[in-house]
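For reference, the structure is listed below as structure tokens.
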Amino acid sequence: MALVLAAGAVVPLGAGVASAQDADWVWVSAEATAGQTAHLLRGFAVEGDVARAPLVATCDNHMVVYVNGVEVARSDEWQSPVRVDVAAHLVPGRNVVAVACRNDGGPAGLALRLDIVGEDGTTERVVTSDGWRGSEDAPEGWEQPGFAFLRWPRAVVIGSTSETGSVWGAVMTMREATPAEKIQLPEGFRAELVHSSQAGEGSWVSLTLDEKGRAVVSPETGGLLRIARTGPGMAAVERLDADIGMCQGLLFAYDAALRQRERDARPPWRAAPAARRRRRRAVRDPRGAGRLPGQGRARAARPGARARRHDLHRPRQPHAAGLEGGP
């Protein structure tokens, strides 16, 4: 497999400069302004069959990523780069990756890395650099492969993602959790590493699965993260619009998220009068819209053998959890 960039250079990963090629932070101007928009893109040609194509990108502050005119990712949190496999959107011959960006204020920049892994095992890399083109304004269809973007000015490099002293730090540096093959499992079970906690996501205190099999995580920094598997070894991470966090225990039951709060000092296995029973907050998503608007309460969990403060049990019936407005 070969990757041909718009300028005509073939850059296989692992050969010469490409082996150390890191993404740059790029923008459409050297000095960003509040409310400024940026439309940045790069063309490349793919030769050969593609096995997978993991894309990692982040932008300060907002971005929508397109591959051949199809939206593949969006983000409003530069601290948590999005990761998605875009192999299904690549075609033999000419391709284009385009990103629509917007800055709220202060420094602004886009960083993107696309590794294209061929069926023959070779890997090619596309990264943000001064080879990209950009403009504050863009006509309709600018993200499509047929757009003549070479008339646009070159992108301005703000810095390299390898520079830990930059304003964004090493946010694009991938940290890896324990490899799946090193985890011992009972016969018939299989582990797959789909996401490792990255810079800006904090230390994970508790984790549970929602009704769609997505992981919901409570970091020590507060808030909730939802992690959905998007392909082999790939996952999309989003922050949930829920005013809860610091959960020592987390559980989904009956369309609600139950949590054990950090400030619930009384151990969950100690009995208490009903009037003094600790509240377990329940955040509901009745329409399956991916949001967690309302709240309720649930009783303390039964005692567990270990990590009792983190131990929550699914009640047999909705009323056993004391859910307000439950089914």
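Before moving on, here are some points about what is shown:
Listed here are the residues, each with its yes/no results for (1) among the basic types (Lys, Arg); (2) modelled with pLDDT under 95; (3) crowded, with 23+ Cβ neighbours inside 10 Å.
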| position | (1), (2), (3) |
| --- | --- |
| 4 | no, yes, no |
| 7 | no, yes, no |
| 21 | no, yes, no |
| 33 | no, no, no |
| 38 | no, no, yes |
| 44 | no, yes, no |
| 53 | no, yes, yes |
| 59 | no, no, yes |
| 102 | yes, no, no |
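- Listed here are the strands (runs of 3 or more DSSP E) enclosed by the stretch 200-243 that have at least 1 residues being modelled with pLDDT of 80 or more and either within 27 Å of residue 89 (Cβ to Cβ) or of a type in the set (Lys, Arg) (or both): 215-219, 225-231, 234-239.
- Screening residue 167 with (1) in a loop (DSSP other than H, G, I, E, B); (2) surrounded by fewer than 16 Cβ atoms within 10 Å (Cβ to Cβ); (3) without any contact (Cβ under 8 Å) to a residue 60 or more places away in the chain gives one miss only, at (3).
- Matching residues in the stretch 212-227 - criterion: being within 26 Å of residue 86 (Cα to Cα) and either without any contact (Cβ under 8 Å) to a residue 12 or more places away in the chain or surrounded by fewer than 17 Cβ atoms within 10 Å (Cβ to Cβ) (or both): 212, 213
- Flag for residue 193 being in contact with a helix residue (DSSP H, G or I) (Cβ under 7 Å, 6 or more places away or on another chain), aliphatic (A, V, I, L, M) and in a loop (DSSP other than H, G, I, E, B): yes
- Residues being closer than 13 Å to residue 111 by Cα and out of contact with any helix residue (DSSP H, G or I) (no Cβ under 8 Å at 6 or more places or on another chain) - total across the stretch 40-73: 13
- Qualifying residue in the stretch 173-184 (condition: surrounded by 14 or more Cβ atoms within 10 Å (Cβ to Cβ) and modelled with pLDDT under 80): no
- Condition check for residue 138: in contact with a strand residue (DSSP E or B) (Cβ under 9 Å, 6 or more places away or on another chain) and either farther than 23 Å from residue 54 by Cβ or surrounded by 18 or more Cβ atoms within 10 Å (Cβ to Cβ) (or both): yes
- Candidates 196, 206 - the one that is touching a His at 6+ places or on another chain (Cβ under 9 Å) and touching a residue at least 12 places away in the same chain (Cβ under 8 Å): 206
- Count - residues of the stretch 209-235 that are over 19 Å from residue 180 (Cα atoms) and in contact with a His (Cβ under 7 Å, 6 or more places away or on another chain): 0
- Check on residue 74, in contact (Cβ under 8 Å) with a residue 24 or more places away in the chain and either surrounded by fewer than 21 Cβ atoms within 10 Å (Cβ to Cβ) or assigned by TED's automatic domain parsing to the domain that holds residue 49 (or both): no
The values are calculated or read from the model by the stated rules, or taken from the named source; none is laboratory data. Bear in mind that the values here come from a model prediction, so they are computed numbers and not experimental data. Positions of Cβ are generated from backbone atoms using ideal geometry, with glycine treated the same way; all protein chains shown enter the neighbour counts.
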